[in-house]
Structure formats: structure tokens, C-alpha cells
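One structure below.
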Amino acid sequence: MEKSAQSTGVDFVHAVKEACLAAAITFGVLLPLIGFETVSNIDNKLVLHTRWGLLFTIVAIVGVGRLLMALVIAPRLAQRRIRPVAATAPSWLLLIGRWFAPFAIGFAIVYPVLAMGLTGFSGALKWVDNFGIQILIYVMLGWGLNIVVGLAGLLDLGYVAFYAVGAYSYALLAKNFGFSFWILLPLAGILSSFWGILLGFPVLRLRGDYLAIVTLAFGEIIRMVLINYVDLTNGYAGIGGIPRPSFFGLPFTADDDGFAAVFGLPFTPVYRTLFLYYLILALAFLTAFVTVRLRRLPVGRAWEALREDEIACRSLGINTTNTKLTAFAIGAMFGGFAGSFFAARQGFISPESFTFLESATVLSIVVLGGMGSQVGVAIAAILFIGGTEIMRDLDFLKQIFGPSFDPTQYRMLLFGFGMVIIMVFRPRGLISTREPSIFLKERKAISSDLVKEGHG
Amino acid sequence: MEVFLQQLINGITLGSIYGLIAIGYTMVFGIIGMVNFAHGDVFMVSAFVAMIAFLFVTTWLGIASITVALLIVLIVAMLFTSGVNWVIERLAYRPLRGSFRLAPLISAIGMSIFLSNFVQVTQGPRNKAIPPMVRGEFILLDSNNYAVALSYKQLIIWGITAVLLAAFWYLVAKTRLGRAQRACEQDQKMAALVGVNVDRTISMTFVIAAALAAVAGTMYLMYYGVVSFSDGFVPGVKAFTAAVLGGIGSLPGAVVGGLLIGLIETFWSAYFTIDYKDVAAFSVLAITLIFLPQGLFGRPDVEKV
């Protein structure tokens, strides 16, 4: 490696050696899991089948890839590295950054109309529902968690707990007491933030990884209580028939007093989807707006100060416990909002929707987007959730790999792989510059490579 | 009394498995300060490798002697899992060394998702059951229709754990590699200055951690006879709990913590309710971290400016 970096000429023998080594390692590592397949035979006993073809294809791909890397890509990278790296982001990126947010907001607002124009009235249902609403839920969750992780620097691996509290609060109160969505939405937020304070109180003395693990434990405890407290939550079977939100009292049904009938429109289920889309869009904007405003308030500044250096904060007289608790509670509140929206949209919830994987997904959206960056979080959510949703209907892949190829089972595989790859190449996330909330004389973007992370 | 004795035996068995995984967490945390989230899934991978090796040895090679078969399976699982973890460290964690502290954790979470889905894709989502490897048991005590049994496989687990812990202790305490590891744990820069190859030492730490996880995986497979792609997460978190309970960074702490968690879990299931046994483990984790963050054997965390 160092050799090829110094001499610009390509060392062919060295590259071939590297490629052979990479291929050999791949072969060794993948031999048991790809070389052999365990299949149940007719007697329901496991037998081994071999898959040499697949194994050697992968080994060959890795070998050739490593060869190309050593011969073509590495020398180019080495040349590029000679140029000094600027500490601040290039100006064109900042320009895009300045205009990206208004453009994205506009696009989000016209997106359902656009989808309907392109795919027809009922064809748009899938695009608005699977992509629009699904992505926006994660954007909102990402922005909510961004307050905790990105602004206050507290690593929370159990965020899904608050999402679950919001969802179950809505589902149980709506089903048992018949309250409407608009009463329960704030209530779910309040209950979630109450849980945030309750869980946050004992654990906020902890720092960094320890805090992460305790929040993970709490997230799992809440999920297990949801599974095992069958009398209340109906356990694994979940809660079905949750009342759907209404348009200020007008339900989206085919009845005479339904939304369509009152406005004299023909009944289709598209109205409800559109309504839900704009509802979650409004909730997400609310989250973003509140975050932006809070950053200007003393508490928001205290969060960011806390993220950078906790000890300095304490010496300046900031009450770190209260500051952390507010971040935890407000983040939890938005999680609760998203949860009650989720329950209202699905009409069915079960503990399966609130696994650790969800927490990890939201956390990785925040971190991969660039902690503290709202735009980055939104981009990461579109990339990850949109990407994994798109994997559901890539039917043309079946024509390449044969009819037994099912792209959906590779969704999470690629998801995990993507997390590792982005971390390796952009450990600070996609948007890794920070604009300080307060500044002396002029606003400057700071490359986050220059920012020291506190212990949180 | 009989129930207590039986649960004690079961708890120690389970605790040995947790302890072996916990060592991996504690070693990696000690040396690079990172919670290796994928370690539970490395353990799961090792159980799959062991299962494939077992099928290969018994059905293809036709080795009938269970001792030989088990020994081969154990060695094969250790070798391959070490290789897997070596590659993981090389690809997913080493480029992030010196990066900000969340990066390796996120990378490890991604690796954990990747590994469990990789196994799901390559080996199928169903539970894999194998015929029991070892049968038979000693009856220790037989009264009032309740027999306290110590099965051969439990004895094997105890024996292998004890032998491996002794070997591991020797490795860390007496060999050059162990000395290098302890040096890196204290101060990487200083260790590098006196000629320790830090990168190699960290790689070897991952290799050893994986080898011990592979032993745990093989024994898990032998004990339960069934394994699935999602079996990494919960044992992983419990082993992490064990490491935290013992004091993260402390090797004897990991073993003691593992035994304690195993005992807590079995006694909880026996005397209270089996539904909440995972809640018990997670609660222990939370309570330990809140009230005793340095664990039983750990050093207190000194805050430096």
C-alpha cells in the first residue's frame, strides 16, 4: 500500500499478490456459510448441500475487485491526496446547502400531486403511502432523535421505546375510551415525554457508551412488557382495529357523513392517504421548526455546549441534569407524536414494530446524516428507507438472477452493509459541516473534523 | 432443595456460555474502548459454523466417535470464526480508529445487522435443529420423584470452559502477546513507542475474542441442539450485561459476571416467571450501570479534563 502511494508507477506483481491474498481470505471466511447450505430433507433432518459455483464466483469477484483497486483506483487516490485538504467545506457545497432546504420543502409539498400526475390517481397510492409517508415517519423520528443525539450529544439506543409509548397510548386510549386523534396526539406526546423523564432521570449521570447501553436495555424492557402484559396490550397478537384519524370530525369512509360525501366527491381511499401524508409532513415540519427555534433559545445553546464539553458546561453554571432531561423529554415527545401517527395510520400495532432494529435504524439515520444537521437527517432517511422500500419491487432483478431470486430478503443485508460503508468513508455523516447557532461577527461553517466530541 | 441444586447446575452451564462471550466484549472494550455490538452475531455465526462442521464431520466423513467429532467441530468453529472477526475488524473497525466515538459503534451495529441477515440469506430463516450430540446424565440426587441430574453435556461445557479459561489466562498473563495487549490497554501511544505493534495486537484481540465466542457458540449448539439466525442479539446483550456487571475491561469480572447472569436468569425463570427472564437480565444491566457503573471488579472511571 505505502509502496504504491510513493511511486506513481503501478507495481503489477504486488497488485496480483494482494488480489490473490484477498481472494484466499474471502474463500476461507465464506467457505462454511456460502460453500455449504443446510437443507432439511424429507425426514426433516438437516443435510449439507454444496454451492461451489456461488462461492467461487464471489471469490473471483473479490479477487478481481482487489486487483482493479490496486492497479487503477489506489494510484488515483494517491495522486489526489497530494493536494492539501481544505478545513472548510467547498463553496459550491455550501451554495447547494443553502438552497437545498427550501427546494426540498417545496418538493415534499407537491410530491403527492406529482405522483398522481405521473402514475394516475390510484397508482399514486403506493408511491405516497410506501415512500412518502414511510419516509416522512423516519424523517420525523430522525429529527426527534436528532435533538437528543445531534444537539445534546446523548447517545440513545432505545428511542423506539418512546415511539412505542406513543403508539400504544393512542391505540389503547382511542379503543377503550373513544377519544379522537386530535386529543390523543398531544396526550401521546406528553405521555412519551413523561416516560422520557422517568427513564432519563436515573441514567443521565452516565456517559457515552454506558448511556447508550442503558437506553437500549430500557427500550428492550418496554418491548418485553408490551409482549408479556397480555391483559393490557394483547401481547404478540397486537392491537387491531385502531380508529383512524378523521378530517376535523369527518371520517374517511364511504358513508353519507364521510369526507368524500360532504365535499361532494366520489369516494376513494386516496383521500385518506393524502390526508395522512400531509399530516405527517406537518408533524415533521413542526419537529424541524421547533428544533430550529430551540437552538436559538438558551436551552438549545446549552444542549450544544453540553455536546461539545460537559465539564466546561458545568463550570459555567449550566445545570447539566436539567439540560439533558429537557433534551430527552422533547426528543421523546416527538417520538410519541410519530408513534401515535404510526398507530393511526396502520390501524394495527404489535411489539414487532418496536424492535431494537428500529432504534438502530433511526440512530443510524441521524448519525449517517451528520449529527445535528437537519438536512442530512432528511437525506439519510430518504436514502435508507426509500432505498429499502425500493428493494421491495425490483422485479427486473428476477430476470437477471432467475425467478427464485427475491430482492426483499436482501434489504436488511444491504442496509447493514450500507451503514458500515458510509461510516468507513464518511464517519462524520453525509453532511459533516456544522453551522454554529451563535457566532462572532460572521457565520462560518465548520468542518466537523475540527470539532471535538464531548463525552455526553 | 432439589430444585435449587438443579437450577444451580443449569445456571452455571448457561453462565459459562455467557462468560465466554463476555470476555470478548470486555477485551475489545478494554483495548479500544468500543462496545463491539456485532459480537453477539459473531457468536451466532460461530454456532452456524459449528453446525455445518458437525454435519460435515458426521455425515460426510462418517466419524462416529463423538469425542473426536466434537473436538474437530470446536477447532473448525474457532478457526473460521476467528477469521471472520479478523476480517470484520480489518474492514469495518480499523478504518475508524481515531475517528469520533460514535463511528465505530454505528459501524458495529451495521455489522451486526449485516451478519444476522447474511446468515438468514445464506442459510435460510428457519430454525436449524441437529440430532443431539451427547446423551446421558449422572443422577446426583433422587428424592420424592425429583431427580437432580448433571448431564454429560453440562459436564463437557464446564470442562471446556475451565480448560479454555486457564489457557486464556496463561495467554494474557504470561505470553508476549498478552503483555502487548495489556500495554495497549493502558496506553496505545506509549505501547507503540516501546515497540508494540498496536494494529496487530488489536487484530489478535479480535481473533481471541472470536475464538472464545466460537467455543461458546459450539457449546450453545451442543446444549440446545438448535440455532437460528436471530440467536445473536439476546445472548449478546446478556453477555454484555455480564461484562458490565463484572466491570468492563476486567477479565475475571467478565467470567464472574457471566456466571452471575446465568444464575440470575435460571433462578428467575424457576422461581418467578419465565416470561420476564429477559427483563430480569436487562434490569440487572440498567441497575448495575446506574448504581455501580464500574462493576464488581472494574476500575472507577476517572474524569479527565
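The values are calculated or read from the model by the stated rules, or taken from the named source; none is laboratory data. Predicted model, so just to flag it, every value in this text is computed and none were measured. Backbone-built Cβ (ideal geometry, glycine too); neighbour counts: all protein chains shown.
Quick check on the range A:206-217. Is at least one of its residues within 13 Å of another protein chain (Cβ to nearest Cβ), in a helix (DSSP H, G or I) and of a type in the set (S, T, N, Q)? Yes.
Of the helices (runs of 4 or more DSSP H) entirely within the range A:335-425, those holding at least 3 residues that are away from chain B (no Cβ under 13 Å), modelled with pLDDT under 90 and over 26 Å from B:Gly40 (Cβ atoms) occupy A:374-381, A:396-401.
Conditions tested, residue by residue: (1) in a helix (DSSP H, G or I); (2) more than 7 Å from chain A (Cβ to nearest Cβ); (3) of a type outside the set (D, E, K, R).
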{"site": "B:Thr81", "(1), (2), (3)": "yes, yes, yes"}
{"site": "B:Ala92", "(1), (2), (3)": "yes, no, yes"}
{"site": "B:Phe100", "(1), (2), (3)": "no, no, yes"}
{"site": "B:Ala103", "(1), (2), (3)": "yes, no, yes"}
{"site": "B:Asn117", "(1), (2), (3)": "yes, no, yes"}
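Of all residues in the range B:123-135, those that are at the interface with chain A (Cβ under 8 Å from one of its Cβ atoms) and either touching a strand residue (DSSP E or B) at 6+ places or on another chain (Cβ under 7 Å) or at pLDDT 90 or above (or both) total 4. The number of residues in the range B:273-286 that are facing chain A (nearest Cβ under 9 Å), of a type in the set (Val, Ile, Thr) and surrounded by fewer than 20 Cβ atoms within 10 Å (Cβ to Cβ) comes to 1.
Here's the yes/no breakdown for (1) within 14 Å of the chain's Cα centre (by Cα); (2) closer than 19 Å to B:Met222 by Cβ:
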{"residue": "B:Asn10", "(1), (2)": "no, yes"}
{"residue": "B:Gly15", "(1), (2)": "yes, yes"}
{"residue": "B:Leu61", "(1), (2)": "no, yes"}
{"residue": "B:Ile66", "(1), (2)": "no, yes"}
{"residue": "B:Gly83", "(1), (2)": "no, no"}
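Of A:Leu154, A:Leu198, A:Leu226, all but one fail to be free of Cβ contacts under 8 Å to residues at least 24 places away in the same chain and within 13 Å of chain B (Cβ to nearest Cβ); the exception is A:Leu198. Taking the conditions (1) surrounded by fewer than 22 Cβ atoms within 10 Å (Cβ to Cβ); (2) within 14 Å of chain B (Cβ to nearest Cβ); (3) out of contact with any helix residue (DSSP H, G or I) (no Cβ under 6 Å at 6 or more places or on another chain); (4) under 22 Å from A:Leu145 (Cα atoms) in turn, A:Leu187 satisfies each one other than (2).
Can you work out which of the residues in the range B:41-68 that are small (Gly, Ala, Ser) and within 11 Å of chain A (Cβ to nearest Cβ) is farthest from B:Tyr25 (Cα to Cα)? Of everything passing the filter in the range B:41-68, B:Ala53 is farthest from B:Tyr25 (Cα to Cα). Can you confirm whether A:Leu173 is under 27 Å from A:Ile242 (Cβ atoms), without any contact (Cβ under 8 Å) to a residue 24 or more places away in the chain and within 14 Å of chain B (Cβ to nearest Cβ)? So A:Leu173 fails the test. State yes or no: is B:Gly246 buried (at least 24 other Cβ atoms within 10 Å of the Cβ) and within 12 Å of chain A (Cβ to nearest Cβ)? It is false that B:Gly246 is buried (at least 24 other Cβ atoms within 10 Å of the Cβ) and within 12 Å of chain A (Cβ to nearest Cβ).
One line per residue, one yes/no per condition, for (1) assigned by TED's automatic domain parsing to the domain that holds A:Arg293; (2) surrounded by 24 or more Cβ atoms within 10 Å (Cβ to Cβ); (3) in contact with a strand residue (DSSP E or B) (Cβ under 7 Å, 6 or more places away or on another chain); (4) not in a helix (DSSP H, G or I):
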| position | (1), (2), (3), (4) |
| --- | --- |
| A:Trp143 | yes, yes, no, no |
| A:Ile221 | yes, no, no, no |
| A:Gly241 | yes, no, no, yes |
| A:Arg244 | yes, no, no, yes |
